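Student: Take this structure first; my questions come after.
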Amino acid sequence: MKIIVFQGGLGNQIFEYAYYSYLKNKYKNERFFAYYPKSALKRHNGFELSRRFKVEMPPTSLLTNLLGGILFYLNKIFRRLGFLLWFINDDSNRHENALFHDGYMQDRKFVGNNFSLLFKSLELSGKNIELIKRLKSENSVSIHIRRGDYLWQKEAEIFGNICTDEYYKMAIQAVCQTTDNPLFVFFSNDPDYVKKHYKLENMLVVDWNTGDDSFIDMYLMSNCKSMILANSTFSYWAAMLNNNVQTVFLPSKMVECR
């Protein structure tokens, strides 16, 4: 039996699902269960994956929910004390043949050639329908700027000084040198910052997909012809789901993918 933890935002949940798919293919005779820790999902929009994509999730049960809750918090305590538990696989203690799998699992080896993901049918607003038409008919360039929680002290120590203003400036200049009449489309969790700091010809800021509709930005980004990514799993999967992208600019450190 293996229990897989699904936590974090949508981008992380996709990585965890890719990991689950990898394990399921490797350990064909195992029984798999999902555990959804409320505390690790509340910062975002809860568990979104099965609401947004066509996926088959592992089941849950009263027993595995109880066991999962105990192991989830036990792992936190023991990691703080510097102990690694042999029956728990996490991002700092990787061993696949474990009982409990608690981590973001951001590793390209889990995203095999057979891994695929399809959006469920979307009910798009008029604004999004019109934008999709422009993304497909013009030389569209998505620019993802992740701020918000990345500015918190703990997060800034990990993700700060990666996607700097200089990074975006250089990527935009490269696009301008190689692309005729680019349409720059900004996606950000801080659209006011973008509007204040970026003044480009033929640009727009997508600021209307908020709250429960935030995931639509990933779908829109996946329809752009060029992409300038943030150091974010949301960016990463927008690019991975884009079947028609021509050019991708990414920072020197892209999430925690190995």
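Student: Give the residues of the stretch 27-73 that are more than 25 Å from Gly11 (Cα to Cα) and either outside any loop (DSSP other than H, G, I, E, B) or hydrophobic (A, V, I, L, M, F, W, C) (or both), sorted by residue number.
Tutor: Leu62, Leu63, Leu66, Leu67, Ile70
Student: Select from the stretch 1-26 the residues that are of a type in the set (A, V, I, L, M, F, W, C) and in a helix (DSSP H, G or I) and write down the one among them that is farthest from the chain's Cα centre (by Cα).
Tutor: Applying the filter and picking the extreme gives Leu23.
Let's see how each residue does on (1) more than 16 Å from the chain's Cα centre (by Cα); (2) at pLDDT below 95; (3) not assigned by TED's automatic domain parsing to the domain that holds Glu130:
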{"site": "Pro191", "(1), (2), (3)": "yes, yes, no"}
{"site": "Val194", "(1), (2), (3)": "yes, yes, no"}
{"site": "Tyr198", "(1), (2), (3)": "yes, yes, no"}
{"site": "Asn202", "(1), (2), (3)": "yes, yes, no"}
{"site": "Asp207", "(1), (2), (3)": "yes, no, no"}
{"site": "Leu220", "(1), (2), (3)": "no, no, no"}
{"site": "Cys224", "(1), (2), (3)": "yes, no, no"}
{"site": "Met227", "(1), (2), (3)": "no, no, no"}
{"site": "Ser232", "(1), (2), (3)": "no, yes, no"}
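Student: Looking only at residues that are over 30 Å from Glu96 (Cα atoms) and of a type in the set (Lys, Arg) in the stretch 121-159, which one is modelled with the lowest pLDDT?
Tutor: Step by step, filter the stretch 121-159, then rank; the result is Arg147.
Student: Filter the stretch 115-138 down to residues that are under 30 Å from Val5 (Cβ atoms) and in contact (Cβ under 8 Å) with a residue 60 or more places away in the chain, then give me how many there are.
Tutor: Total meeting the criteria: 6.
The values are calculated or read from the model by the stated rules, or taken from the named source; none is laboratory data. Everything numeric here is computed off the predicted structure, so don't read it as measured data. For neighbour counting, all protein chains shown are included, and Cβ atoms are generated from backbone atoms with ideal geometry for every residue, glycine included.
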